[in-house]
1. With the condition kept exactly as written, say whether any residue in segment 3-14 is at pLDDT 95 or above, within 21 Å of S167 (Cα to Cα) and open to solvent by 50 Å² or more (accessible area, probe 1.4 Å).
2. Which residue out of L410, L440, L479, L422 is assigned to a helix (DSSP H, G or I), without any contact (Cβ under 8 Å) to a residue 60 or more places away in the chain, of a type outside the set (F, W, Y) and open to solvent by less than 10 Å² (accessible area, probe 1.4 Å)?
3. Identify all residues within segment 333-355 that are aliphatic (A, V, I, L, M) and either assigned to a strand (DSSP E or B) or not assigned by TED's automatic domain parsing to the domain that holds D377 (or both); write none if there are none.
4. Can you tell me how many residues within segment 370-396 are in a helix (DSSP H, G or I) and either open to solvent by 10 Å² or more (accessible area, probe 1.4 Å) or more than 16 Å from ligand 2 (Cβ to nearest atom) (or both)?
5. Being within 16 Å of Q205 (Cα to Cα), open to solvent by 30 Å² or more (accessible area, probe 1.4 Å), of a type outside the set (A, V, I, L, M) and in the same structural domain as L16 (by TED's automatic domain parsing): is that true of Q159 here?
6. Filter segment 164-189 for residues that are in contact with an Asp or Glu (Cβ under 6 Å, 6 or more places away or on another chain), away from ligand 2 (no atom under 16 Å from the Cβ) and open to solvent by 10 Å² or more (accessible area, probe 1.4 Å); which is farthest from R4 (Cα to Cα)?
7. Sort out which residues of segment 44-72 are touching a residue at least 60 places away in the same chain (Cβ under 8 Å) and under 30 Å from L254 (Cβ atoms), and write them in order of number.
8. Take L213 and decide whether it is assigned to a loop (DSSP other than H, G, I, E, B) and surrounded by 16 or more Cβ atoms within 10 Å (Cβ to Cβ).
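The values are calculated or read from the model by the stated rules, or taken from the named source; none is laboratory data. This structure is a prediction, so every number in the text was calculated from the model and none was measured. Every residue, glycine among them, receives a Cβ derived from its backbone with ideal geometry; neighbour counts consider all protein chains shown. In case anyone asks, the SASA skips ligands and DNA or RNA and just uses the protein heavy atoms, side chains included. Shrake-Rupley method; radii C 1.70, N 1.55, O 1.52, S 1.80 Å.
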Amino acid sequence: MTIRALHVASELYPLLKTGGLADVAGALPPALIERGADVRVLLPGFPTVLAGLADLHPIAQLGRRFDTPGVTLERGTLPSNGLVVYVIRADTLYDRSGNPYLDDEHVPYGDNAQRFALLGWVAAQLAQQLDPAWSPQIVHAHDWHAGVAPAYLKAAERQHGRALARSVFTVHNLAYQGVFPAHQFGQLALPDDFFNMYGVEFYGQLSFLKAGLFYSDRITTVSPTYAREIQTLAQGGGLDALLRHRSHDLSGILNGVDYAVWNPADDALLDTHYSATRLAGKLACKEALQKRFGLAQKSDALLFGVVSRLTEQKGLDLLLGAVPEIVKRGGQLVVFGTGDPALENGLKRVAQAHPESVAVELGFDEALAHTIVAGSDVIAVPSRFEPCGLTQLYALAYGSLPLVHCVGGLADTVADASLENLADDLATGFVFERFEPKGLAAAIRRAFALYGRRTEWKAAQRRAMRQDFGWGASAERYLALYRELV
Ligand code: ADP
Ligand code: GLC
């Protein structure tokens, strides 16, 4: 039997991306389709989404919804692979100049509850024949943006007196909870009793994330370790009790890498290519990177790269403190990212202090991200917490040994270059246990030590590049979950 599943998300690579969620939304549906599922996607009609789809045509006029007139549902396809995408056209809600969630001043839009309630509501409508030609058996909602989809489904089921689609809710990041003042609950047109401790109410407010966690039939998150972590008081973001209560419905399924996009042997965004058996091209990538960022052209300087959202989560404040250690040992550092202005300024200052060795650039650019992952010797991901993390997986594929904090998906995917792991041919990077300067400094020290033994370094690079983090195994696990549900 072919399973019909609708993925509901706020971003999707290559149409719109602010982080790893877009990579997952862009790669998981095709991987499921390859394995026989009938998968479509629902997205809000942000300008780049509407502009990037082919064959867009209206499916349904939805009239005035969430105080917004003239809402329509359209259907199109992704030109690169033919993926069918439903998109909600509601220009007053989605056609804005900032990013999908924040305005130009980095402040969340005041009407985010309506903007994303509409997304969840339309998902539930699609499970009720909004498109006469297709309806899903599974609604798979991603993060708080789609969190109310399972709530709308449950409300509709109550109204119809029968089950509609089953729902899966995937937590990509428990730190973003979509919390709004209680009075906005009225705008959602959900049954009154849903505003309840056993429902969408969260410490007196309205939480979209909790809606997803409470009303979905199954919960997944993006790595096994994170699935355990979020059930603890320390890392449960106030939702650990609910998560423990639902532990039988909760599983951790690791994200994968789309090797069609991230492969150093044929990466369209690189000038020089290389592979595990032909590593020489990587040096040319390093030289190009040093040149691009105005660093000293030293081929034997250990080059650390960072490509990251600049937020508290990513732990770059800890890395800032370790810059003297890197510089003192003759290393270099390139940081590329955007986010928190205080962190941006701190990084800029460090770069000014060490112009030959440290470069910082602010921005978001897919091609530059590839250039840095390819040209670095080490990719640092010192996150305080990390649900899965894709950057370290890309780094492995590019033979750029990841240096990571032992947490979440980072712990599940990188093996430290300890003596025993080296002896057993397991080492693929550098892992520090405690989020402290000492631990990070020791991991940096291990990176320099291994770099001094070029044969072993190359062996670790090749091992990293041969790891298989493709979507295959994970897509099979999602499919098994769908089969259990339908
Ligand atoms: P998160 O989703 O928490 O940001 P992930 O590691 O899962 O972390 O995914 C980050 C994704 O965003 C990767 O594809 C990474 O290359 C990309 N990325 C992060 N910062 C930038 C940037 N400044 N420019 C381009 N891509 C970026
Ligand atoms: C989130 C997490 C990141 C994860 C990504 C995709 O943004 O921070 O760890 O890899 O989602 O699931």
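1. Checked against the condition, which is being at pLDDT 95 or above, within 21 Å of S167 (Cα to Cα) and open to solvent by 50 Å² or more (accessible area, probe 1.4 Å), segment 3-14 yields at least one hit.
2. Step by step, each of L410, L440, L479, L422 is checked, and only L410 is assigned to a helix (DSSP H, G or I), without any contact (Cβ under 8 Å) to a residue 60 or more places away in the chain, of a type outside the set (F, W, Y) and open to solvent by less than 10 Å² (accessible area, probe 1.4 Å).
3. L333, V334, V335
4. 7
5. no
6. L164
7. Listed by number, the list holds a single entry, P44.
8. Considered against the rule, which asks whether it is assigned to a loop (DSSP other than H, G, I, E, B) and surrounded by 16 or more Cβ atoms within 10 Å (Cβ to Cβ), L213 comes out as no.
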